[in-house]
Amino acid sequence: MYILTSVTGYTDHNLAMCSKIISRAKEFFTILRSLQDAESSDPYIYEEEVQIVKMNGDGIPAVNMYCGNQTVFVCEKAVSKISDPGDEQMTEASNLSDGDADDANDSAHILQTEMGPQPLSVMKARQFLSWYTLSQNASMSAEDTNLPLYPLWVRCDMSDPAGTTWFGAETVCVGTKVTGVKLYSITSKGSTADKQSLTTLEELKQEHKKRHHPSSVGIKGSARFSLFGSTVVENTTIESQSSVTVDFKWSHVESILETPPLSSTATLNIKIASGDMRSPMFEMYRELEFLLTLADGLRTGETEWIEPLESTSPVNLTKAYLEELQNTAKTLQDQAARTPEKTSKLKSETETPIFNSFLERGDLDFVEQLWVRMRKSVTSYQDIGDCLKLVIDALRYGDIKPWIHRDSSSSLSKLILQSYHQQIEHVSLTGFTPVNMLLEMGLDKMRKDYINYLIGEELTTLNHLCFYLSTEVDLQEQVIRLRKLHHLLEIIVTCSTFLGLPYDRLFLLTQLCLQHYRTSPYDEEHEFKLQIKPALISHFYQKEHPILWGVEVSSGHGPREVRTSLHLSDRPLVDHVIFETDYPNQTVNGDSEDPAFFSTMAYCSLVNFA
């Protein structure tokens, strides 16, 4: 890659051209500096056909290899709207029948929404890198470069023989002074299952030595395996929003695609979406789903009721439950003389399982059992009001004397406590009062479910759960915190059930999740990271194909370190180029004997300023 760094030796005939280039470099620098200083991340349109975006580098797989999560500038082709009211497509659609016009508009909309980032020509990309490099060279520019610019990355269209997909540039600093620029180029190839055609480790080392002439090199390996997520059933991929992958890093690589040794460092990347039907938490999720429906109804005034799980009406279920309590109490009184063994037998016969859940408790009190029945059957505000009226009347007239947990905090629990002293205050079951009461019942019950598991498994203490269990905040905030707690359990239970992680890792993961959600909003896209020993999961990955495998040859130290790397992946690391390939992606869960890999090579050069 040719980068202009000095005009020494240029003839007078070329000075005008050099002056113009330097002028364009200064202009480009001014644009990047203003974008860097701006709080907004809105794209900047340059010369109508190019847009410059300020973004986080970890969102781009190929760029992430070098820049991690630091902020970068990305230059790409500006994408104009595909369909606009009044444009040619609308005119053409007007000449079609109504049905055809709808189809045409739908197709245009799909095309617009699916249009991803677009590349620039390799020649244009080289120009931007030249300007970036010139603008950072103090001897060539009068600009203030005390504050280095963010790294610059330019999407390329593979129009050169090497098949370049990215060019990048990054300042090298000693203290606050820019002393040089690192230049990157990334080339890509379509997938192949032919391992013989892949770059060998020796070829990679020779390529690095040819570019940098080092006295010695270091070699590092990396790999990523999928442990939990999408599955393949009869050649059909069943997509999942949940994923658990593991990243390995190790030294002393001996061959391409080698299995990570047990001496590797390993990090789990855990991203779990609630509601996965494979999860033992699925029944609890459905319970949470109903609770969220109630909360949303209170917040918005509109409720989309979930399809009931019970065919019996909620009023009839409540009546039957109250009669069951009355009959049980009467039977126990009539047969009080029976032996404890017989009494115990009678009790077990009259108590039927309310629900079958991973977090099932055997100590559900009256309010909790009422909640279970109502959440499976109610489909209107009227249902809730009618059921609660039946219960409150039974309490008022002394028909039932139910027991409740001492720490119950719902409004209905307080009425039950009052009924013990025949002093029940009047409750007006109008407006949103019944929904509030039912929501309190659900919050109370589900908090106890989660406490029962977390404390029972010794994963945390009540002190660490205080934030999530507080009833001092309003109901909506209580729901948000309960939802966070549920997500925490989804994560823990997934890692326990499907990965079999030992207690010490589950304990640490619990603390990480609790700490994260004390200050962060609910986010199922957040990826929790957990260090782990490879031996604990070796049976998961040693016979599987990696979804990403890489090797890196490096030399130099600190800011002067240069790297040459090869990455093999089951899907492209570049999203702005379409790769032609004859090999479908069948590597999920290792179902393919010969997986196909996309190949991505990354090269680095160091330009020092005088």
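Within region 502-531, residues that are under 15 Å from I455 (Cα atoms) sit with their Cβ atoms under 8 Å from residues that are aromatic (F, W, Y) and open to solvent by less than 30 Å² (accessible area, probe 1.4 Å), at 6+ positions apart or across chains, in these pairs: L509/F528; L514/Y468.
Starting from residues that are in contact with a Ser or Thr (Cβ under 7 Å, 6 or more places away or on another chain) and not in a loop (DSSP other than H, G, I, E, B), keep the ones in region 375-390 and report whichever is surrounded by the fewest Cβ atoms within 10 Å (Cβ to Cβ). The residue in question is L390.
Looking only at region 202-252, count how many residues are open to solvent by less than 30 Å² (accessible area, probe 1.4 Å), modelled with pLDDT of 85 or more and in a loop (DSSP other than H, G, I, E, B). Within region 202-252, residues that are open to solvent by less than 30 Å² (accessible area, probe 1.4 Å), modelled with pLDDT of 85 or more and in a loop (DSSP other than H, G, I, E, B) number 1.
Report yes if P314 is touching a helix residue (DSSP H, G or I) at 6+ places or on another chain (Cβ under 6 Å), surrounded by 15 or more Cβ atoms within 10 Å (Cβ to Cβ) and either in contact (Cβ under 8 Å) with a residue 40 or more places away in the chain or under 29 Å from L395 (Cβ atoms) (or both), otherwise no. Yes.
Quick check: is even one residue across region 39-50 at pLDDT 85 or above, open to solvent by less than 60 Å² (accessible area, probe 1.4 Å) and either farther than 17 Å from F128 by Cβ or assigned to a loop (DSSP other than H, G, I, E, B) (or both)? Break it down into steps so the answer makes sense when it comes.
Initial filter on region 39-50 (at pLDDT 85 or above): 39-50.
With the extra rule that they be open to solvent by less than 60 Å² (accessible area, probe 1.4 Å), the set shrinks to 40, 46, 50.
Within this subset, residues satisfying the condition of being either farther than 17 Å from F128 by Cβ or assigned to a loop (DSSP other than H, G, I, E, B) (or both) are 40.
Looking for residues that are at pLDDT 85 or above, open to solvent by less than 60 Å² (accessible area, probe 1.4 Å) and either farther than 17 Å from F128 by Cβ or assigned to a loop (DSSP other than H, G, I, E, B) (or both), one finds at least one in region 39-50, hence yes.
Residues that are in contact (Cβ under 8 Å) with a residue 40 or more places away in the chain and among the acidic types (D, E) were ranked within region 391-448; the one that is surrounded by the most Cβ atoms within 10 Å (Cβ to Cβ) is D444.
For residues in region 51-64 being in contact (Cβ under 8 Å) with a residue 12 or more places away in the chain and open to solvent by 40 Å² or more (accessible area, probe 1.4 Å), which is nearest to T187 (Cα to Cα)?
Taking region 51-64 first, the residues in contact (Cβ under 8 Å) with a residue 12 or more places away in the chain are 51-57, 60-63.
Within this subset, residues satisfying the condition of being open to solvent by 40 Å² or more (accessible area, probe 1.4 Å) are 55-56, 61.
Values: M55: 22, N56: 21, P61: 13 Å.
Ranking the qualifying residues of region 51-64, first place goes to P61.
How do the helices (runs of 4 or more DSSP H) wholly within region 459-549 filter down when requiring 3 or more residues that are surrounded by 13 or more Cβ atoms within 10 Å (Cβ to Cβ) and touching a helix residue (DSSP H, G or I) at 6+ places or on another chain (Cβ under 7 Å): which remain? Quick ask: steps written out before the conclusion?
Numbers: elements: 462-469, 475-497, 503-519, 538-541.
Per the criteria, 462-469, 475-497, 503-519.
Take region 418-440 and flag every residue that is part of a helix (DSSP H, G or I) and under 11 Å from L395 (Cα atoms). Correct list: Q418, S419.
Every residue in region 268-310 that is among the hydroxyl-bearing types (S, T, Y) and surrounded by 15 or more Cβ atoms within 10 Å (Cβ to Cβ), please. Scanning region 268-310 gives S274, S279, Y285, T293, T303.
The values are calculated or read from the model by the stated rules, or taken from the named source; none is laboratory data. All values reported here derive from a predicted model rather than from experimental measurement. Cβ atoms come from the backbone with ideal geometry, glycine included; neighbour counts cover every protein chain shown. Ligands, DNA and RNA are stripped out before the accessible areas are found, and what is left, the full protein with its side chains, is counted by its heavy atoms. Shrake-Rupley method; radii C 1.70, N 1.55, O 1.52, S 1.80 Å.
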